[in-house]
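Taking it in order: structure first as structure tokens, then the write-up.
The values are calculated or read from the model by the stated rules, or taken from the named source; none is laboratory data. Keep in mind it's a predicted model, so treat the numbers as computed, not measured. Positions of Cβ are generated from backbone atoms using ideal geometry, with glycine treated the same way; all protein chains shown enter the neighbour counts. These area figures cover heavy atoms from the full protein model, side chains too; ligands, DNA and RNA do not enter into them. Shrake-Rupley method; radii C 1.70, N 1.55, O 1.52, S 1.80 Å.
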Amino acid sequence: MPKMKPKLLFVSITDKANGAENILLQAARASNANLLFLKKVESGGLSIPDDLHAEYVGTGSVSGGFFRLVKSLSHYRNDYIIFSTHPYLNAYLGFLKRIGYLRSKLIVRECSSVLTRYSGLKKWSYKLAYRLGYPGVNLIVCQTCSMRDSFVQHLPYIDEQRVIIQKNPIDIEQNLIKGEASLPIADATAEFICGAGRLIPEKGFDILIMAFDEIKASRPNLRLFIFGEGPEQASLEKLISELKLEDRVILKGWVANPMPYFKRAKACIVSSIKEGFPNVLLQMMILNPVVISTNCAGGIDEIPGIYLAEADNVNSLTTTINIALSTNTPNKDLIMRYVEDRTPEIFIKSILNALV
């Protein structure tokens, strides 16, 4: 008798097109699975294909979505494999398993090493969430060896056998297709480098702007484009004004398809201070042979073909940008060999094979 295809449900807090949500969407597409979101965002949401079934708990607050989630999960309580990301949501679902409401198997993905990333009350709240919910989880997915080591060290009450490493997926074909789109007329002839991500302190965009300020005189036609939204926007705008870079550094906001910018940039840059693993780095690597990244996550220093800078170091990033822009040796073949085994199909198949 042929093995039945598992029934999968992917759950996320919102459908905002951030890194963790894009990972779940890629996995859902590869397995033709249902999606469930606590909240639908008004703008900047995922582009969900028509052939995927997506449900929304509501459009109100996220906290209200947690309360209503129990009812929305009633259809998935048994005989499903539920896959989620974000520690609070993971812990909530794990707690529902511990009290017997959920009897489906639960896989959770760690989107970041939150216990080393945060301190004080926020770190305490994560530790409490882990303690309450994670003992009920069947499988925990970490992105890198260093993330797994940190997780096991901080949470010794979790069985190590349930913590695996699985590299983030990337849909190479889809990203190449998106990269073929045209740029807006105003940017089509511009000479620029770019970065992308949420405008939060951990992304190090202030470091990137200060590094750009160091190279601006030697490259008078070069501009810096930064894509994304977030709470640090006002602070970054102030920094740009103080450095008199209003005409050279452009905060582009959220852009539905930044891929053609990645493809046509003189260099793509990840300036993060600390990450689980920056998903945008993989997108940049597929589309551009000149990619610069800070050593902000485990395994980045092992990636062939990229230019590596120290994290949270303006001088190091400045030097690396100058080297990358002055080097004419293409690194495309090395980069493509690195990403070719990261397909969404391999990602979800490997995780399901590890589920006991």
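Given bins 10 angstrom wide, list per bin the percent of all Cα-Cα distances in region 155-313, short to long.
10, 38, 35, 12, 4, 1
Could you order peptides 153-163, 64-74, 297-307 by the average number of other Cβ atoms within 10 Å of their residues, highest first?
297-307, 64-74, 153-163
With springs only between Cα atoms under 10 Å, which of 258, 184, 278 fluctuates most in a Gaussian network model of the chain?
Greatest mean-square fluctuation among the candidates belongs to 184.
Can you give the local net charge around residue 215? Use residues other than it whose beta-carbon is closer than 14 angstrom to its beta-carbon, Lys and Arg +1, Asp and Glu -1. Present the calculation step by step, with values, prior to reporting the outcome.
Working: positive: 216, 219, 223, 248, 266; negative: 191, 213, 214.
Within the 14 Å Cβ shell, the charges total +2.
What is the total of Lys pairs in region 161-269 with C-alpha atoms under 22 Å apart, excluding same-chain pairs fewer than 8 positions apart?
Lysine pairs satisfying the spacing and distance rule in region 161-269 number 19.
Test of understanding: in a Gaussian network model of the chain with alpha carbons linked when under 10 Å, which of 232, 242, 55 would top the mean-square fluctuation ranking?
Its mean-square fluctuation being the largest, the pick is 242.
Under the √(5λ) rule applied to the eigenvalues of the Cα gyration tensor, what semi-axes describe the equivalent ellipsoid of region 44-87? Give them in Å, descending. Present the calculation step by step, with values, prior to reporting the outcome.
On the way: eigenvalues 65, 58, 25 Å².
Semi-axes, largest first: 18, 17, 11 Å.
If the reach is capped at under 20 angstrom between alpha carbons, list the lysines near residue 39, excluding any in the same chain fewer than eight residues apart.
Within the straight-line limit of under 20 Å, residue 39 reaches these lysines: 16, 71.
Taking the solvent-accessible surface of protein heavy atoms with a 1.4 Å probe, what is the per residue accessible area of region 4-109 in Å²?
Accessible area per residue, region 4-109: 44 Å².
Using the alpha-carbon atoms, what tilt in degrees (0 to 90, nearest 10) does helix 87-98 show relative to the longest principal axis of the chain?
10 degrees
In the chain, what is the volume of the convex hull around the alpha carbon atoms, normalised per residue and reported in Å³?
So the per-residue hull volume is 148 Å³.
Over region 235-314, what relative contact order in percent results from Cα pairs under 8 Å that are six or more residues apart? Walk me through the numbers on the way to the answer.
On the way: 89 pairs, mean separation 19.8, N = 80.
Relative contact order, region 235-314: 25 percent.
Treating cross-link reach as a plain straight distance, find the aspartates and glutamates whose alpha-carbon is under 15 Å from the alpha-carbon of residue 349, omitting any fewer than eight places away in the same chain.
Correct list for residue 349: 171, 341.
Ignoring ligands, DNA and RNA, please state the percent of accessible area on the chain from carbon and sulfur, probe 1.4 Å. Spell out each step's value before the answer.
On the way: 8450 of 16510 Å².
Of all accessible area on the chain, carbon and sulfur atoms account for 51 percent.
Using amide H atoms built in the peptide plane, which far-off residues or other-chain residues are under 5 Å from residue 290 H to H?
Under 5 Å from the amide H of residue 290: 268.
Nearest 500 deg cm²/dmol is fine: what mean residue ellipticity at 222 nm does the chain get from its DSSP H runs of n ≥ 4 alone, each adding -39,500 (n - 2.57), divided by its residue count? Mind showing how you got there, number by number?
On the way: 15 runs with 144 residues, N = 356.
So the calculated ellipticity at 222 nm is -11500 deg cm²/dmol.
According to the square roots a ≥ b ≥ c of the eigenvalues of the Cα gyration tensor, what is the shape class of region 1-111, taking rounded for a/c under 1.5, prolate for a/b larger than b/c otherwise, and oblate for the remainder?
Here region 1-111 falls in the oblate category.
Amide H of residue 54: which non-local residues (sequence gap of 5 or more, or other chain) have their own amide H closer than 5 Å, using H built in the peptide plane?
Close amide H contacts, sequence-distant or interchain: 35.
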